[in-house]
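Comments concern the structure below.
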Amino acid sequence: TADRNLLVAAMALVGSSWLLWTWGWSRGEVEPRLMLTVQLCWLVAILVPAIEPQTLKPQTLGNIQLNPALPVKVASGLLYLLCLPALLHLIPESAPQGVPGGAGRRPPGLEGTGFSALRLFLWLPYCGLFVSLFFPTGGDDPLELLRYLGLVAGAAAVGVAIAVNLIYRGAVFTSRFVNLVVVPFAWITLGLGVVAAAIGPR
């Protein structure tokens, strides 16, 4: 547990996501450019908090409370949540097998069941990394485990809520949301990280 590393987690999740996306690459709704843009913004969200403390350990970053890096941590957390709908395959542009319960979803079968299982396996790492990175870590007792699982479920619920809103408003709104909200917010988060590193303790 002492060797947890953000880069290892990021590369594992990015690689797994792209392998899973190849499952439905021929779907007309899938937009690789949008998915790549969201993943780049997500990388900003998880790596910028590490600039000022100069550590890649999620448990160390999660324990940061009150210092110049706190605004960076808050901005990065919000950016992470904004990226979750695409990362969790909850919008048509990033769902190789179609949105769960949505129109155009491929018929159920062995392949569809296998894909759904693999996609669910990504939910815990994505949401769990969010909790580890942006909330203080506790002990190994049952109450702390319940707290952790509750925060993971809360992160997933926020991702689902944003995704439902994007699906309701349509593909054009989703594209504008990514290009006019998520991407600029990623640049703002990066700028905050640079400023926090510049004014932080030497």
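Every number in this text was worked out from the coordinates using simple rules, so none of it is lab data. Given the structure is predicted, the values throughout are model-derived calculations rather than measurements. For neighbour counting, all protein chains shown are included, and Cβ atoms are generated from backbone atoms with ideal geometry for every residue, glycine included.
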Using r as the Cβ-Cβ distance of residue 120 and residue 8, and R0 as 22 Å, what FRET efficiency do you calculate, to the nearest 0.05?
-> 0.55
Modelled label-to-label distance, residue 181 and residue 149, 7 Å Cα→beta-carbon offset: nm?
-> 3.2 nm
